[in-house]
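Colleague: After the structure tokens below, expect a handful of questions from me.
Quick note: the coordinates plus some simple rules give every number you see, no bench work behind them. On a predicted model such as this, the values are computed, not experimentally measured, just so you know. Cβ: placed from backbone, ideal geometry, glycine included. Neighbour counts: every protein chain shown.
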Amino acid sequence: MELISEIIGRDLAAVERILGPADRKEIYCTPQVEQSLKAYFNGGNIWIVFIENVADWIMFTNPQTTLVEEFIKVLGLNLNKPSYIKHQLKVKYYNIHGLKEIDFIKDEDDSITHLYIKAFTI
């Protein structure tokens, strides 16, 4: 949770001080978000969309088990009682500790393969 808390709401320069220089940067657009910077870190295992110049959408691919377990524990999440569940492989929580959305994407072995956080914007 500490790493995640340090990143959320920070600008690119602050995030690069925490994670190191971005491996790659691109412009990211969706119907909800216009022209935002998307930066990739840690060999692409972490990507962050900077909406209004702050880290808002954060994806951890193949997150370390300890990171996920700590995140679940600190937030007091019950993976058996999510806000949304799809085929037991995607578990979502809404409006937890000031974060708009938290997604856990799992594989068939119940291992979490992705942790996706939307901090301020959905």
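Colleague: Once you list every other residue whose beta carbon is under 11 Å from the beta carbon of LYS25, what net charge do they have if Lys and Arg are +1 and Asp and Glu are -1?
Modeller: Around LYS25, the surrounding residues sum to -1.
Colleague: Could you tell me which of the pairs LYS90/LYS118; LYS73/LYS106; LYS25/LYS118; LYS25/LYS92 are separated by over 22 angstrom between their Cα atoms in the structure shown? It would help to have the intermediate numbers written out before the result.
Modeller: Numbers: LYS90/LYS118 15 Å; LYS73/LYS106 18 Å; LYS25/LYS118 19 Å; LYS25/LYS92 27 Å.
Exceeds cut-off: LYS25/LYS92.
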